[in-house]
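A.B. asks: Below is one structure. I have some questions about it.
The values are calculated or read from the model by the stated rules, or taken from the named source; none is laboratory data. Just so we're clear, the structure is a prediction, and the values are computed from it rather than from any experiment. For neighbour counting, all protein chains shown are included, and Cβ atoms are generated from backbone atoms with ideal geometry for every residue, glycine included. When the accessible area is computed, the model is the full protein with side chains, heavy atoms only, and any ligands, DNA or RNA have been set aside. Shrake-Rupley method; radii C 1.70, N 1.55, O 1.52, S 1.80 Å.
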Amino acid sequence: MKVPFLDIGRLHQTIRGQLDEAYSRVMDSGWFIMGPELEAFESEFAAFSEVKHCVGVGNGLEALHLLLRAYGVGAGDEVIVPSNTFIATWLAVSQCGAKPVPVEPDIKTHNIHPALIAAAITPRTRAIMPVHLYGQPADMDPINELAQKHGLIVIEDAAQAQGARYKGRRVGSLGHASGTSFYPGKNLGALGDGGAVLTNDDAIASKVRLLRNYGSTIKYQHDLAGYNSRLDELQAAFLRAKLKVLDEWNARRREIAASYSTMLDGSGNELPFVPEYAEPVWHLYVIRSERRDALKAHLEKAGVSTVIHYPTPPNQQACYAGFMFGQLPIAEQFASEVLSLPMSPTLCGREIRQVVDAVRSFDEDR
């Protein structure tokens, strides 16, 4: 039996009726951009995320980019980012003309290490952008305290963590603002691309609304040199249907992660660590192995599909070749060791057992 990394089609079948109804509702309305579905989703997702404002945009990268623009981050500024993250976090900073300043992760959580941030702050630092990697919240209280001390903005990259909680509070509500992604593979994924900005700041929400729509609130009147980055009606309708079952799907992810952690204990791999403050949503279940490539090949032969998140850290990407970041040994170590096991709310017990048996048989063959 083949165990897919993520079978989105199978997941969609569990709510096919609701998705079909959402599609029909939008098609019958004849309204496809900036209409009632978007307005309803923004209200519903803001309430879910425990913030005042949600602004739907084109994708997760643009959510972060538009937020930085709204805060006036630009050329000559610096933004502190994790060294261990998907490159979109860094690209949002670069697209503003600012410089990403990487900080290494906590070796246990894989998230940015709060104790290392202070040394990266300079007179040019404008913001800190922690990422809730793999669906696990970063340790936000010390980050916020440091930001307050230095007068910095905190923008959460919550693209992998819709529904997660930090000390009881929803991710996305923990900093000044946050950006998230609705890429189809996310816990809350659209049937195309999409993203959103979350904030309690009325002025920032208003500015992002301007920026996403050509700098305009009144048609053909443009107050800012804005962008075209709008979450369309059809995706908003699909997301409304999925939002209703997101907590249920996340609960199932927690069950699967608990099974993995129990059944893989003692397997010879480094398993995920969850701090007391975190209630993850397990967008990814990531293990580490010094023989990662051999393990991945072994699992493929056993019918288990895996993914590497991420094989090349941002500082080693060609697009940053001209930047002087220096070596980032922890991020580079992770890139050679991490492996994401299958994770989806539709995984059944037999599939979980197949994954576990395949991992353990590799360890036994050594």
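A.B. asks: Of all chymotrypsin sites (Phe, Trp or Tyr not before Pro) in segment 1-45, which ones are in loop regions per DSSP and have a Cβ with at most 15 other Cβ atoms within 10 Å?
C.D. replies: Working: sites: 5, 23, 31, 32, 41, 45; in loops: 5, 31, 32.
Loop-located and lightly packed - 5, 31, 32.
A.B. asks: Looking at segment 179-275, which trypsin sites (Lys or Arg not before Pro) are DSSP coil and have at most 16 other C-beta atoms within 10 Å of their C-beta? Kindly include the intermediate steps, with their values, before the conclusion.
C.D. replies: Details: sites: 186, 207, 209, 212, 219, 230, 240, 242, 244, 252, 253, 254; in loops: 186, 219, 230, 244.
Listed in order of number, the matching sites are 219, 244.
A.B. asks: I need the shape label for the chain. Rule: rounded when a/c is under 1.5, else prolate if a/b > b/c, else oblate, with a, b, c from the alpha carbon gyration tensor. Write down the numbers at each step before the final one.
C.D. replies: On the way: a/c = 1.95, a/b = 1.20, b/c = 1.63.
It is oblate, given that a/c is not under 1.5 and a/b is not larger than b/c.
A.B. asks: Can I ask one more? May I have the convex hull volume per residue, in Å³, for the Cα set of segment 242-292? Please list the in-between numbers first.
C.D. replies: Working: hull volume 4.3 nm³, N = 51.
Cα convex hull per residue, to the nearest whole number: 85 Å³.
A.B. asks: As a test question: what accessible area, to the nearest 10 Å², does residue 126 have when a 1.4 Å probe is rolled over all protein chains in place?
C.D. replies: 70
A.B. asks: Projecting each Cα onto the charge dipole of segment 62-192 (Lys/Arg +1, Asp/Glu -1 at the beta carbon, about the Cα centre), which of 159, 173, 118 comes out farthest on the positive side?
C.D. replies: Value: 173.
A.B. asks: Then there is this: Give me the distance between the Cα centres of segment 90-136 and segment 258-285, rounded to whole Å.
C.D. replies: Using only Cα atoms, the two centres lie 24 Å from each other.
A.B. asks: Right, something else. Quote the convex hull volume per residue of segment 53-99, based on C-alpha atoms, as a whole number of Å³.
C.D. replies: Working: hull volume 3.7 nm³, N = 47.
Residue-normalised Cα hull volume stands at 78 Å³.
A.B. asks: Amide H to amide H, which residues 5 or more places from residue 125 or on other chains are under 5 Å from it, using H placed in the peptide plane?
C.D. replies: When sequence neighbours closer than 5 places are left aside, the close amide H contacts are 78.
A.B. asks: With the other protein chains left in place, how much accessible area per residue, in square angstrom, belongs to the chain at a 1.4 angstrom probe? Don't skip to the end; give the middle numbers.
C.D. replies: Working: 15170 Å² over 366 residues.
For the chain, the solvent-accessible area averages 41 Å² per residue.
A.B. asks: Which order, highest average first, do 304-315, 262-273 follow once you tally other Cβ atoms within 10 Å for each residue and take the mean per peptide? Mind showing how you got there, number by number?
C.D. replies: On the way: 304-315: 19.1, 262-273: 15.3.
My ranking of the peptides, most packed first, is 304-315, 262-273.
A.B. asks: For residue 361, put the label point 7 Å out on the Cα→Cβ axis and report which residues of segment 1-36 keep their amide N under 13 Å from it.
C.D. replies: The answer is 1-3.
A.B. asks: Just to confirm the filter: which chymotrypsin sites (Phe, Trp or Tyr not before Pro) across segment 169-270 are DSSP coil and have at most 16 other Cβ within 10 angstrom of their Cβ? Before the final figure, lay out the partial values.
C.D. replies: Details: sites: 182, 214, 220, 227, 238, 249, 260; in loops: 182, 214, 220, 227.
Loop-located and lightly packed - 220.
A.B. asks: Of all the accessible heavy-atom surface of segment 128-242, with the other protein chains kept in place and a 1.4 Å probe, what percent is carbon and sulfur?
C.D. replies: Details: 1960 of 4050 Å².
Ligands and nucleic acids excluded, carbon and sulfur give 48 percent.
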